[in-house]
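Trainee: My structure is below; once you've seen it, I'll send some questions.
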Amino acid sequence: MKIKSKASLIPYIIWIALFVIAPIGLIAYYSLLDLNGDFTFANYQNFFTSAYLTMTLTSFWYAFLITFFTLLIAYPTAYFLTKTKHKHLWLMLIIIPSWINLLLKTYAFIGIFGLYGPINAFLEVFGFDPTQILFTDFSFVFVAVYVFIPFMILPIFNSLDKMNPSLIYASRDLGASAWTTFRRVIFPLTIDGVKSGIQVTFIPALSLFMITRLIAGNKVITLGTAIEQQFLVAQNWGMGSTIAVFLILIMFASMLFTRTSKKGGRV
Amino acid sequence: MRSKLSPAAKIYLAIVFVVLYAPIFYLIFYSFNSGGTMNSFEGFTLEHYQAVFDDNRLIVILINTIIVALLTGLFATIIGTLGAVGIVSLRNKKMRNVFLSLNNILIVSPDVVIGASFLILFTMIGVKLGFASVLISHIAFSIPIVVLMVLPKMLEMNTNLIDAALDLGASKRDVLMRVILPYIKPGIFAGFFMALTYSLDDFAVTFFVTGNGFSTLSVEIYSMARAGISLTVNAISGLVFVITVGVVAIYYFITSRSKKAEEV
Amino acid sequence: MKSLINATLSIIVVCALLWFAASKLEASGSAGGEGVLTIYNWGEYIDPELIDQFEEQTGITVIYETFDSNEAMLTKVKQGGSAYDIAVPSEYAIETMIEEDLLIEIDHSKLTNLQNIDPYFLDLAFDPKNKYSIPYFWGTVGVVFNPNEIPEHLTFDTWEHLWDPALKNKVFLVDGSREVMGMGLNSLGYSLNSRDEQELREATDHLKELNGNVKAIIGDEITPLMVNNEATVALTFSGQAADMMWENEDLDFAVPSEGSNLWFDNMVIPKTSSNIDGAHAFINFMLDAEVAAQNADYVGYSTPNEAAMALLDEEVISDERFYPPIDMRDNLEVYENLGLEFLGTYNELFLEFKMSLN
């Protein structure tokens, strides 16, 4: 590619310098301070105790579950949406619910999942006893998936939307089954959209906080919750920053991981 | 040309939509509750809507929230799109990866960390807390999502298009305006709407960087939790929801009609 | 390209219109004249009518900002950048603010209504002689429960009842390390301000035995759950318990006899204040008997204002669960500022307890 539109990077670089590099520097600096503001590595030692390592692992496990189910539900949704009439209107209607305040929607979920809520009322019609759905792994993953679905659908929709339909016809004409066409033609062509979707789901899922308390009753503790607590309750910015440093390192690692699967593309 | 949706696909989409909208309709349903809570529905009333219109402070906060969201969407989209175009134009693969990694840092950082560090930043450089600091922060944390939405479109764009345009004597500016932007437009719109979402949803960052009487709806709602969220907030959400859906529907039908007119 | 430009222009036009509308609304709302007073308080923690009344009386324009936790409020006030004239923190946060020199001494000669406050709530350890803070609301920590749903012998006059096997998967705890650790310490007869490693370890181990009973550890969301009979037993603040009981008459509240916490939310004037006279005027206004009574009626928390209590319903103030008589208050302790070191220990142990749950 001959074009060099480096000039367009200038505002972006200013943004990175001010709002990414500077805060990271601050976090790295704080992570080396103890409660009295003295220099120490104790926070890092502390991170490698069993409590924080277990937390990191569970955090990962839940983020993985959430991303998996979000993708599982979002991909077919995006695919079907591209086939509807007025597809852009439908897409907008997917996004609009995320404009209503999350805390309010969470309160609504507390009501919906409740013992006397609509779901249990519905189950009772079929003769099931009311069960407490709240504060279980199920309700936590469900609400998290709910939160992330629009973020996953949007990039996948965009990559599906502009796909050249003749490729699919060609594949079908050459005798490929619908599944083979999907696996060998459609999915590889939309992999960039899927990756964007995973990035905006998996990484924030590691640092989910509010719904860990409201929906999971603090029985799920993510790295985000721990940072939140260190900053706001323990007032230990050093330890909070240390966990944040690890979160950022994990993010780098997961980006490397998603990058290796990339085939071809342009230079 | 277009293959039709099978009934199974229609049912699938219907379920997704029902689930997405269930909590919102739940909220709106209880905004008509005379009981005063979101628990048991006692009787129909419009008093909570009346309360919204009587409360100037709440309406001003709502307007603030919308202005910040729209401007955030606008500026974050401009900077983010230019950034994505720039990143793709980088020859050096390492440099490109460095940018992408830096880009994602704000997405992974918990809100409290972002909020606290921005607060320190603003007080250090002496930005007055209020509208400006909130807007700048929202733009800052929305840029990465715009980049992530635009990037796939940039990557899949056929380089031959750009090369051809350049060979035909187009200037770089022309290439950007006439070739690149129209092609990546869906990504740009996606980025804009995601930035809107981020801005409307944010509580923690706004909380830290706001001041001098400036407030947004999220900050207001979160701080109500201790004493109980009043149904006035449900009512205001209901109004916002209905107006948004209305505006989107009208806008869509106007634009699609004019498009059709052009085609004919 | 055209559509991008159109979209940009329409956004700018919409913003301009909205901005115009907002400034119109703000102009019509303010009385103007005697300056501006910025109040930093919890949401829904004051009767908005009283703010209007204060503006009318004094000509001061009130800006009302809200926070959702003491710690978050503390960070904001410490960083400066916004001039708060009044804040309403809880007592342990006030202690920190005094230590960090964030508050202005209050001039008692300007508070003609200070005599309305019950002397019991004045001159407490966290702020001797009330140099920096004036009581706003107060309360305790206890157990709110639904007697219809649990065995009769569980009355929660002792903390041990929380460990009763009949409460399997029924207990909700408030998400606060001081409250939960304090409950653990109290249940063993220790002080909830304990700095003894041995006692803290015992308390944590005792808490872990609660595992099967704990359904969830949550915050303010407990209110709708209790009101709606979704939850049966919860460790919570008395103010919230009062809210719940107002909505759901089946509920009851008890403060176990081994002891518990006594908390205060007081009004303070941060150093950043730019309208110190206005701040004093506001504090004095809130101390007025009728004003305090109206506010207590609206918010539902216990008022420390003796003169206001005389104006409240007899039924309200004779309720020993929310206005415990002096001899019942003897077992209650106010949180001491433990220092960051021990606050850290409390939090680590609380985290250990949380992670032991499943």
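Trainee: Please compute the contact order of chain B in relative form: average sequence separation of alpha-carbon pairs under 8 Å and at least six residues apart, divided by the residue count, as a percent. If you can, show how the numbers build up before the last one.
Mentor: Details: 248 pairs, mean separation 77.8, N = 264.
Relative contact order comes out at 29 percent.
Trainee: Given the options C:A281, C:A242, C:A125, state which has the largest fluctuation in a GNM of chain C using a 10 Å cut-off (strictly under) for Cα springs.
Mentor: Among C:A281, C:A242, C:A125, the largest GNM mean-square fluctuation belongs to C:A125.
Trainee: Whole angstrom only: what separates the Cα centroid of the stretch C:133-173 from the Cα centroid of the stretch C:304-358?
Mentor: 13 Å
Trainee: Report the local net charge at C:A279: Lys and Arg +1, Asp and Glu -1, summed over other residues whose C-beta lies under 11 Å from its C-beta. Numbers along the way, then the final one.
Mentor: Values: positive: C:K110; negative: C:D85, C:D107, C:D277.
Spelling it out: positives minus negatives among the neighbours equals -2.
Trainee: Would you mind classifying the protein assembly as shown by shape? Square roots of the alpha carbon gyration tensor eigenvalues, ordered a ≥ b ≥ c; an a/c under 1.5 is rounded, otherwise it is prolate if a/b is larger than b/c and oblate if not.
Mentor: Values: a/c = 1.73, a/b = 1.59, b/c = 1.09.
Here the protein assembly as shown falls in the prolate category.
Trainee: Next question. Name the shape class, rounded, prolate or oblate, that the alpha-carbon gyration tensor gives for chain C, where a ≥ b ≥ c are the square roots of its eigenvalues, rounded holds for a/c under 1.5, and otherwise prolate holds if a/b is larger than b/c and oblate otherwise.
Mentor: prolate
Trainee: Please report how far the C-alpha centroid of the stretch C:243-302 lies from that of the stretch A:56-75, rounded to the nearest whole angstrom.
Mentor: Cα centroid of the stretch C:243-302 versus Cα centroid of the stretch A:56-75: 44 Å apart.
Trainee: Using a 10 angstrom cutoff on alpha carbons, build the Gaussian network for chain A and name the most mobile of A:S50, A:S59, A:S139.
Mentor: With Cα springs under 10 Å in chain A, the top fluctuation among A:S50, A:S59, A:S139 is at A:S50.
Trainee: For the stretch B:56-244, take the alpha-carbon Rg, divide it by the Kirkwood Rh, and send me Rg/Rh. Walk me through the numbers before you get to the answer.
Mentor: On the way: Rg = 19.4 Å, Rh = 18.3 Å.
In the stretch B:56-244, Rg relative to Rh is 1.06.
Trainee: Arrange the following residues from fewest to most other Cβ atoms within 10 Å of their Cβ: C:S356, C:S260, C:S273. All intermediate terms of the calculation are to be shown ahead of the outcome.
Mentor: On the way: C:S356 15, C:S260 24, C:S273 21.
Going from sparsest to densest Cβ surroundings: C:S356, C:S273, C:S260.
Trainee: Within a Cβ distance under 11 Å of B:S34, other residues only, what is the Lys/Arg minus Asp/Glu net charge?
Mentor: On the way: positive: none; negative: B:E42, B:E47.
That works out to -2.
Trainee: Residue by residue, what Karplus-based ³J(HN,Hα) values in Hz, rounded to whole numbers, does the stretch A:30-35 have, using 6.51, -1.76 and 1.60 with θ = phi - 60° and x for Gly and Pro?
Mentor: 4, 5, 9, 10, 8, 4
Trainee: Just tell me the longest site-free run in chain B, where the sites are trypsin sites (Lys or Arg not before Pro) in a DSSP loop having at most 11 other beta-carbon atoms within 10 Å. Provide the component values of the computation, followed by the final result.
Mentor: Numbers: sites that count: B:R2, B:K4, B:R91.
The longest uninterrupted stretch comes out as B:92-264.
Trainee: Could you calculate the FRET efficiency of B:F253 with B:A8 from 1/(1 + (r/R0)^6), where r is the beta carbon distance between them and R0 is 30 Å, rounded to 0.05?
Mentor: Details: r = 29 Å, r/R0 = 0.96.
Calculated value: 0.55.
Trainee: Could you tell me whether the stretch A:52-236 comes out rounded, prolate or oblate from its Cα gyration tensor? Rule is a ≥ b ≥ c as square roots of the eigenvalues, rounded for a/c under 1.5, then prolate if a/b exceeds b/c, otherwise oblate.
Mentor: Values: a/c = 2.24, a/b = 1.59, b/c = 1.41.
Prolate.
Trainee: For B:Y21 and A:F138, what does the FRET efficiency come to when R0 = 25 Å and r is the distance between their Cβ atoms, rounded to the nearest 0.05?
Mentor: Values: r = 21 Å, r/R0 = 0.82.
Working from the Cβ atoms, E equals 0.75.
Trainee: Okay, moving on. Using a cut-off of 18 Å between alpha-carbon atoms, which aspartates and glutamates can reach A:K162, once sequence neighbours fewer than 8 places away in the same chain are excluded?
Mentor: A:D192, B:E156
Values quoted throughout were computed directly from the atomic coordinates according to the rules given, and no laboratory measurement underlies them. Everything numeric here is computed off the predicted structure, so don't read it as measured data. Cβ atoms come from the backbone with ideal geometry, glycine included; neighbour counts cover every protein chain shown.
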